[in-house]
Every structure is written in structure tokens, then in C-alpha cells.
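Please read the structure below before turning to the comments.
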């Protein structure tokens, strides 16, 4: 079997599992957010600030992916929410089977929001649906403002762009407005927030986006239930 049919078979199987996960999330009212970025853009730090912000009774959990080590999971566990590390052993992305397997001993009924921190990569994760309600792409100002044009697939598929580390703007050659313009060229309807997890600038907008996305998700899920029952 040559590479192309094999790749199609793998993606087809992934889509089947992802569809099942999406249905489970919808039925149980769990907003799943898939966070994707290059390595070092600030995914884990943003999640730290998010879990720190949540009240202790918030029903949140995190699956965090990495090629090696459990460093990210250890950083996130200290906030008291369920966290599990998915170590891929070399694979440059998470897939739906990995998510399904690592959710087996968690009760989805006990969750309101599930964060999936994908492996640091802007290419491979864009091809793999994890059953999420929304993809979020993070672009730090320490990267190039042309990244949306270089990696259009993930920017096109993401509902939100988080421009991170904006506290470094005075010290790096990053054109913030150009980055926004490039992202809009790929995805005109994309939401955009600008944050610094260090100074906490813009985090309120990120939190508001999460709350609005969960509200919209629950409304949509309830509407589907009403439609099916009628």
C-alpha cells in the first residue's frame, strides 16, 4: 500500500473517532477546546493563568500532549484540576484515538470544559480533528508576523487567534497590525485577542471568549436536542 491511501485511511479512522467524541461532548455539555501553536509560544503558561483564574469548583480538565516528559502536566496539576499528560513518543500531533483512550477513566458528566494542549507544531495538528468544539491557535510576538501566511491551514480552521507575549513588543521586530492583517486574510471571521500571561494584559478578553464560546456551545447543543426530540 502506498503512502497516500494509507494516510487517507488513517485520517478517515480519526474522523470516525472524532465524530464519536464530539457527540459525547455535546450530549454531556462539555466544551472541548483544542489549543495549537509552535513550541514555546506560551500554551502552558496561558493554561496556568486560566486554571488559576477559575474558581475551585469549576469543572475543568486538561489533556496536554508532548513528545517527551510530563513537565507541562506537572506545571498544571498544582491548580487542583484533573490533568493528564499524553506522551506521543515522537508523533508530532495528538489524534482522536489518543483523546478517546485518555478519557476512559474520566466521567465527562463531571466536566464543563476540557482543554486539549496539542503538541507544539503548526502543521500536523491542523489535519487531525479531536472532536473539539473549537480550535485556538496561539502566535507569540517572538515568532514571525507572517506565520498565518506560511501555515494557513491552522489559522483557517481556528476560531480564535491568541497573540501572546505582547509585553515583549518593544523588544522584538514583530508588526502586530501586520500579523492581524495576515490572519484576517486567511480567516476574516476569526476572533483575535492580544495577551501577556506575564503581565496578565488581555487575559480578561480570553476569559470572556471562553465564557461566550461555552454559552454558544450549550445553546447549540440544547437546540439540537430539541430538534431531535421534536
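Note on the range 3-229: Kirkwood hydrodynamic radius from all Cα pairs is 18.0 Å, rounded to one decimal. Per the Debye formula on identical point scatterers at the alpha carbon atoms of the range 71-189, with no solvent, log10 I(q)/I(0) at q = 0.11, 0.21 Å⁻¹ is -0.45, -1.24.
Show me the ranking of peptides 56-63, 118-125, 102-109 by mean Cβ neighbours inside 10 Å, starting with the highest.
Values: 56-63: 16.6, 118-125: 21.5, 102-109: 12.5.
For the peptides 56-63, 118-125, 102-109, the packing ranking is 118-125, 56-63, 102-109.
At a threshold of 8 angstrom on Cα-Cα distance, excluding pairs fewer than six apart, so keeping six or more, what relative contact order does the chain reach in percent? Don't skip to the end; give the middle numbers.
On the way: 398 pairs, mean separation 52.9, N = 230.
Worked out over the chain, it gives 23 percent.
When each of the peptides 187-197, 42-52 is scored by the mean number of other C-beta atoms lying within 10 Å of its residues, the order from highest to lowest reads 42-52, 187-197.
Tell me the mean residue ellipticity at 222 nm calculated for the chain from its helices only (DSSP H runs of n ≥ 4, each -39500 (n - 2.57), averaged over every residue, nearest 500). Can you show the working numbers first?
Details: 8 runs with 99 residues, N = 230.
Theoretical 222 nm ellipticity from helices: -13500 deg cm²/dmol.
To the nearest µm²/s, what D does Stokes-Einstein give for the range 105-165 at 25 °C and 0.890 mPa s, using the Kirkwood radius over alpha carbon pairs as Rh? It would help to have the intermediate numbers written out before the result.
Working: Rh = 13.1 Å.
Answer from the Stokes-Einstein relation: 188 µm²/s.
Read-outs: derived from the displayed coordinates by stated rules, not from any lab. What you are looking at is a predicted structure, and each value in this text was computed from that prediction instead of being measured. Note that we place each Cβ from the backbone using ideal geometry, even for glycine, and neighbour counts take in every protein chain shown.
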